[in-house]
Amino acid sequence: MSANLDWGSLGFGYIKTPYRYVSNFKDGKWDDGCLTEDDKIVMSECAGVLQYAQTVFEGLKAYTTVDGRIVTFRPDLNAERMFESAERLEMPPFPKERFLEAVDKVVAANKDYVPPYGSGATLYLRPYMFGSSEVIGVKPAKDYQFRLFATPVGPYFKGGAKPITIRVSDYDRAAPKGTGHIKAGLNYAMSLHAIVDAHENGFDENMYLDPATRTYVEETGGANFIFVTKDKKIVTPKSDSILPSITRRSLCCVAEKYLGLTVEHRPVKFSEIKDFAECGLCGTAAVISPVGKIYDHGKEICLPAGMDKMGEVTKQLYDTLTGIQMGRLEAPEGWIREIK
């Protein structure tokens with residue numbers, strides 16, 4: 001029986017669902033974990049997460065497909081990325097199979113909150129873990145908690161994906177050899193002032209350049225860039241301080257295998273931007289957000305194929321990937337995990 005929600009009017013925000021998953025790491029091992037209805041977290045005022053931001057997270061979605069199945073999209077890659085993120089912050093990685101088990105259990109337990117096919121809404125899943133034991137000296141916590149909750153969310157773009165305007169930021173998102181390549185909460189905290197400032201000045205997002213030379217494109221506060229050349233080649237920026245987006249990797253595969261396009265993953269000089277035909281921001285929430293203009297300290301760079309609506313190639317990528325996710329197109333092996 002479906003939850004009594006107006007699926008068509010959902011925004012991208014938190015709605016409490018009945019069940020979430022919790023597992024604790026204590027005395028050098030993870031416990032068995034379980035589902036719980038308790039959404040409150042109680043911890044010491046001196047917990048490692050509160051003192052030194054020792055926390056990592058992930059984001060993925062569950063969908064109802066065209067044939068009525070409930071599925072998740074490539075959750076194994078989220079499990080791998082969270083494993084690597086935890087290692088970088090000296091946290092005990094949550095086992096990958098346990099991660100997938102937690103996803104399956106939370107979606108199945110909250111199946112009434114998985115929006116119906118065609119509503120444009122999805123069930124957003126947020127796995128995260130944090131240092132829970134007391135830490136006053138600068139060192140890793142001893143105890144940790146892994147949690148996963150679910151919340152139904154509406155489409156990121158209501159009324160269609162309209163091209164956004166972004167600006168080149170004067171701030172840096174991540175340091176060379178820092179934590180830009182992992183999904184740590186501290187990376188997002190660093191971007192909050194910059195995004196608020198961008199919004200106050202009439203821009204939708206920031207474009208961060210490489211912190212060492214400020215000549216290469218990195219990413220935004222929460223999405224990877226994807227560019228399309230005038231001869232329809234796909235180009236994505238390469239850098240050790242860019243988060244490896246699962247959506248971006250999937251779009252690149254779609255471009256090659258489904259659309260027959262050439263894909264280049266390489267360092268992208270900011271000076272090249274003016275020569276591209278299309279630009280998009282790719283991530284879990286929106287899949288692709290088309291970019292119409294990039295504002296660089298008084299100069300406007302206009303993307304000719306994406307000024308008024310999503311560019312032709314960007315639209316093909318979006319339609320193909322969402323078609324795979326929703327079961328309208330056959331998926332590559334291992335991309336779709338069905339929830340029984």
- Note on the structure: Sorting A150, Y171, G120 by the position of each Cα along the dipole of region 86-172 (Lys, Arg +1; Asp, Glu -1; all at Cβ), the one nearest the positive end of that ordering is G120
- Please give every one of the lysines within straight-line cross-link reach of K16, meaning a C-alpha to C-alpha distance under 17 Å, and leave out same-chain neighbours fewer than 8 residues apart. K40, K61, K105, K111
- Message: Output needed: percent of Cα pairs per 5 Å distance bin for region 273-336, bins running from 0 to the one holding the longest distance.
- Response: 4, 18, 21, 20, 14, 10, 7, 4, 2, 0
- Would you calculate a helix-derived [θ] at 222 nm for the chain, using -39,500 (n - 2.57) for each DSSP H run of n ≥ 4 and dividing by the full residue count, to the nearest 500? -7000 deg cm²/dmol
- Query: When the Cα atoms of region 219-340 are enclosed in a convex hull and the volume is divided per residue, what value in Å³ results?
  - Reply: 121
- Please name whichever of P18, T213, G8 sits farthest to the positive end of the charge dipole of the chain, dipole taken about the Cα centre and charges placed at Cβ: Lys and Arg +1, Asp and Glu -1. G8
- Note on the structure: For region 82-89, Karplus-derived ³J(HN,Hα) couplings (6.51, -1.76, 1.60; θ = phi - 60°; whole Hz; x for glycine and proline) come out as 5, 4, 5, 4, 4, 4, 5, 9
- Query: Can you pull the three principal axis extents for the Cα set of region 15-87, in Å, largest first?
  - Reply: 49, 29, 23
- Message: Suppose we take every Cα in region 134-255 and form the convex hull; what volume per residue is that in Å³?
- Response: 188
- Once you charge only the Cβ atoms, +1 for Lys and Arg and -1 for Asp and Glu, what is the size of the charge dipole of the chain about its Cα centre, to the nearest 20 debye? 360
- Message: Restricted to Cα positions, what overall size does the chain have along the principal axes? Three whole-Å values, descending.
- Response: 56, 51, 36
- Task: List every residue whose amide H lies under 5 Å from the amide H of G131, counting only residues 5 or more places away in sequence or on a different chain, with H placed 1.01 Å from N in the peptide plane.
- Result: V49, Q54
- Note on the structure: Of all C-alpha pairs within region 73-132, those more than 14 angstrom apart amount in percent to 61
- Task: Name the lysines eligible as straight-distance cross-link partners of K269: C-alpha to C-alpha under 19 Å, and not fewer than 8 places from it in the same chain.
- Result: K230, K232, K233, K238, K293, K299
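Coordinate-derived values only; no laboratory data. It should be emphasised that the depicted structure is a prediction, and the values quoted were computed from it without experimental measurement. Neighbour counts are summed over all protein chains in view; Cβ atoms, including those assigned to glycine, are modelled from backbone coordinates with ideal geometry.
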